[in-house]
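The values are calculated or read from the model by the stated rules, or taken from the named source; none is laboratory data. Not measured: the values here are computed from a predicted model. Cβ atoms come from the backbone with ideal geometry, glycine included; neighbour counts cover every protein chain shown. With ligands, DNA and RNA removed, areas are computed over all heavy atoms of the protein, side chains included. Shrake-Rupley method; radii C 1.70, N 1.55, O 1.52, S 1.80 Å.
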Amino acid sequence: MCPGTMRPVTPPLSRRGLLLGLGATGLLAGCHLPDAPATPASGPRTHGPHQAGVASPAVAQRHCDFSVWDAPGADWRALLRTLGDRITALTNPTPAPAAPATAPGTPASAALATAPGALAGLPPADLTITVGLGPQVIATITPGQPGATDLPPFAREQIRPDHRGGDLMLQVCAGDPLVVSLAVTELLRELDLRPRWRQTAFRGESRPDGAARNIFGFTDGIVVPRGDAELRREVWLDSGATIAVIRRLRLDVPGFLAQPVPRQEAVFGRRRDSSEPLSGGGPAAEIDLTAKSADGEYLVPADSHVRRAHPLTSGSGLMLRRSYSYDDGPADRGLLFVCFQRELRTFVATQHRLDEGDALMRYATATASGTFLVLPGFSPDRPLGAALFR
């Protein structure tokens with residue numbers, strides 16, 4: 001699942017610029033932002049024009065907890081302020097007092113359990129917490145605001161009603177899964193929320209460019225916004241918000257891996273072992289959709305994922321991807337697909353294109369889906385969500 005209709009950009013992206021200057025877009029890949037600064041060791045900045053967990057850190061963390069909630073009758077101004085305060089406290093903790101000495105032989109876990117602070121004394125490191133609101137909430141608070149539109153239905157969906165849409169999105173990511181779990185517990189403490197669905201997920205080790213192998217074992221290349229100018233043009237709304245699409249996709253991993261490796265590679269459009277595109281040029285090469293064999297056949301098959309999802313064939317703009325794999329047992333393994341874009345149609349048009357003829361979609365079934373307005377960044381003087389209530 002990827003972007004939608006191409007909208008005017010300034011300056012316009014030429015066909016040559018997209019083919020030679022960017023990678024090929026893809027459904028089952030992590031995102032990379034080559035021009036983005038590295039995340040400092042002390043963790044990403046909490047306050048600013050944008051929430052963390054979208055374009056920062058540049059390389060997505062290894063662990064994620066994604067959840068969707070309803071909050072009927074909520075005082076959204078108060079709820080968002082509470083969440084913002086807790087995010088600030090979790091990601092920028094004040095130094096804790098020294099822990100009392102423990103008796104000789106006391107297990108380390110006992111000392112940890114009594115350590116002060118919501119993270120039990122653990123440093124937040126690269127912890128990011130990202131908050132979004134569903135279309136119905138946005139339409140109620142600020143009618144006409146971008147982000148007030150639901151996703152249409154797509155092919156190959158088996159989604160329960162309570163796993164579609166929702167009022168509140170929480171995305172919690174970090175390199176340490178224990179930090180993620182403790183942060184989620186603190187965020188939800190004493191909040192009157194009704195759960196819809198929740199998914200913990202993980203990523204393989206990333207390459208220097210941020211790409212990682214998916215649960216099929218492939219490293220897929222993607223077109224992503226590069227640098228602040230393209231992020232402003234393709235991802236950020238003028239308010240500093242962005243529109244997120246989240247899809248949980250159950251993948252037929254045994255069925256896919258039962259195919260001969262050449263067939264697997266034809267489905268993706270890449271070599272499995274080296275990640276080289278079928279058009280050649282090495283693992284870091286851009287996809288050349290025009291490359292042909294001596295017999296005149298396209299080297300990148302017409303139904304391959306990298307071709308069907310590419311902006312040149314889908315007629316879409318660019319979107320920022322931060323997807324994860326999940327494994328809930330042999331019968332339920334797959335992808336937690338997450339993307340951010342300025343316009344919802346960026347995703348919608350591409351997903352329709354994939355549904356029409358992407359060979360990879362034969363192995364994917366959506367089991368949860370939603371779109372959310374990821375709110376602008378916040379600060380002590382500008383609480384989370386404050387711009388919605390002007």
- Could we say that Leu249 is in contact with a strand residue (DSSP E or B) (Cβ under 9 Å, 6 or more places away or on another chain), assigned to a strand (DSSP E or B) and either under 30 Å from Ile138 (Cα atoms) or not aliphatic (A, V, I, L, M) (or both) here? yes
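Under 23 Å from the mean Cα position of the chain (by Cα) and in contact (Cβ under 8 Å) with a residue 60 or more places away in the chain, is that true of Leu231? Step through it out loud before you land on a result.
Numbers: under 23 Å from the mean Cα position of the chain (by Cα): yes; in contact (Cβ under 8 Å) with a residue 60 or more places away in the chain: yes.
Answer is yes for this residue.
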- Query: In segment 360-377, which residues are open to solvent by 10 Å² or more (accessible area, probe 1.4 Å) and closer than 20 Å to Asp167 by Cα?
  - Reply: Thr367, Pro376
- Task: Take segment 378-390 and flag every residue that is open to solvent by 40 Å² or more (accessible area, probe 1.4 Å) and touching a residue at least 40 places away in the same chain (Cβ under 8 Å).
- Result: Pro380, Ala387, Phe389
- Quick one: in segment 215-246, which of the residues that are open to solvent by 10 Å² or more (accessible area, probe 1.4 Å) and in a helix (DSSP H, G or I) is farthest from Thr149 (Cα to Cα)? Gly227
- Item | Of residues in segment 136-176 being assigned to a helix (DSSP H, G or I) and in contact (Cβ under 8 Å) with a residue 12 or more places away in the chain, the one most open to solvent (accessible area, probe 1.4 Å) | Gln136
- Message: Which numbered condition in (1) crowded, with 19+ Cβ neighbours inside 10 Å; (2) in a helix (DSSP H, G or I); (3) of a type in the set (Asp, Glu) is the only one that Glu343 fails?
- Response: (2)
- Taking the stated definitions as given, is Val179 open to solvent by less than 40 Å² (accessible area, probe 1.4 Å) and within 22 Å of Leu80 (Cβ to Cβ)? no
- Restricting the first residue to segment 184-195 and requiring it to be closer than 13 Å to Met169 by Cβ and modelled with pLDDT of 95 or more, which pairs with a second residue that is acidic (Asp, Glu) and assigned to a helix (DSSP H, G or I) meet a Cβ separation below 9 Å and a spacing of at least six or different chains? Pro195/Asp162
- Residue check: is Gly132 over 30 Å from Asp228 (Cβ atoms) and either at pLDDT below 90 or open to solvent by less than 30 Å² (accessible area, probe 1.4 Å) (or both)? no
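Report yes if Gln199 is touching a Leu at 6+ places or on another chain (Cβ under 8 Å), at pLDDT below 95 and buried (at least 16 other Cβ atoms within 10 Å of the Cβ), otherwise no. Write out each step before concluding.
Details: touching a Leu at 6+ places or on another chain (Cβ under 8 Å): yes; at pLDDT below 95: no; buried (at least 16 other Cβ atoms within 10 Å of the Cβ): yes.
Answer is no for this residue.
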